[in-house]
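This report refers to the structure that appears directly beneath it.
Every read-out reported here was derived from the displayed coordinates using simple, explicitly stated rules and does not represent laboratory data. Just so you know, these numbers come straight off a predicted model, no measurement behind them. Every residue, glycine as well, gets a Cβ built from its backbone with ideal geometry; the counts of neighbours run over all protein chains shown.
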Amino acid sequence: MFITAQETKTPPSIVITENYLLDSAVRGFQSESLPKDLVFFAAPPSIIGTVTNGYSTLKQDSNFLPKGGETITLLLGVVSGLIIGYLLADFSDSTLIGYILTMVFFTLVTSFIAFYFIDKNNAYDCVYLGTNGIVRFIVNGNRNNVIQQVLIFNEDMVSQSSVFEIDALPFLDNMDCDYTWYENKDKISFESSIFYLLY
Amino acid sequence: MSLLSSIFYINSKPNDYENSIGSMALEKWLIFLYEQKVKKEIQKKGAYEHHSGIIFYQDHFTFYHEGTTHTVDRSNLVDIVRDYVTQKIDEGEFKIPYLSLKKDGKLIPITPQAAMFRQPQFYNCGLLRLYIERHLM
């Protein structure tokens, strides 16, 4: 994905690096000093201008799942859900429908846990903010499998930001922030908030 | 809300870190917008029309509220305060931070500090704060 002004639609090429060396002036997104164990696995494209902030969720001690790990993890999730569901239904002397519903429910739960585990252990982000735009790289499965999302600022973009203090919605957090940019019917957001689910 | 929406979602950090990325990117983009558009237009045409009747000039800005145009410059900048306005929409009741002008003991709302998704006219609202910093302070 590459969002920018109409005249430049060619995305910059991805330059994979062992650990891109950032200028010492570059800070994190809360103006914090960057921890030394972060691994910046791709170089920021020059089109985003001078990099001022960066962050990476890939650390020196981070690992990827071994080859086939995703499939095995998912399989384990599904099988363990079926077994747990079967045992619980059996324990409670369920009817056939009870067996099916319990097994489906626990399969969904354990599959979700498996997906979460894969996401936490097999995919990492690296984000750079520059004077002219922002880029996010995602590495998935191995260091050579990198995709990028780029947002280049331009004058015709519009943004929508929102900060709410919520009185009447007790099931939501008290404060919610999201930041969204629109251009040419494309949309890019910096947070998926519960409002999006409601909207 | 389109399913094609692209979301920058950052894993493995405290929840508010995503907001920090959004906030900082928004700040950077506002500076870009100010430098590339607002500043140039003020220099060239003498004014930049922001939104909802807010017009930026070199040394003051004006806004329109209930039939009256108000002017804010260095002399009354100190009277701009942050206020909350309660708004009701389908999902509930929200307190929205507003910039207001304190005049004759009353608070006159200028613009919300953040835009709501139901109010596209308030897009780019952070420009007002940036404009004030660059021109009136």
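In sequence order, what are the phi-derived ³J(HN,Hα) couplings for region A:46-56 according to the Karplus relation 6.51 cos²θ - 1.76 cosθ + 1.60 with θ = phi - 60°, rounded to whole Hz, with x for glycine and proline?
Taking θ as phi minus 60°, the curve returns 5, 5, 7, x, 5, 6, 10, 9, x, 6, 9 Hz for region A:46-56.
Can you pull the one-decimal nm distance between simple spin-label points at residue B:68 and residue A:83, each 7 Å off the Cα toward Cβ?
Between residue B:68 and residue A:83, the simple spin-label model gives 7.6 nm.
Check which residues have an amide H placed less than 5 Å from residue B:108's amide H, if you skip close sequence neighbours.
B:101, B:102, B:103
Summing +1 for each Lys or Arg and -1 for each Asp or Glu, what net charge is found among the other residues whose Cβ lies under 9 Å from the Cβ of residue B:56? Don't skip to the answer; put the middle values down first.
Details: positive: none; negative: B:41, B:49.
After counting each charged neighbour, the total is -2.
Suppose R0 equals 45 Å. What FRET efficiency, 1/(1 + (r/R0)^6) with r the Cβ-Cβ distance, do residue B:79 and residue A:21 give to the nearest 0.05?
Working: r = 49 Å, r/R0 = 1.09.
Computed FRET efficiency for residue B:79 and residue A:21 comes out at 0.40.
In square nanometres, what is the average projected area of the Cα convex hull of region B:32-110?
It is 6.9 nm².
Which one of A:128, A:117, A:99 is farthest out on the positive end of the charge dipole of region A:49-144, using unit charges on Cβ (Lys, Arg +1; Asp, Glu -1) and the Cα centre as origin?
Farthest towards the positive end: A:128.
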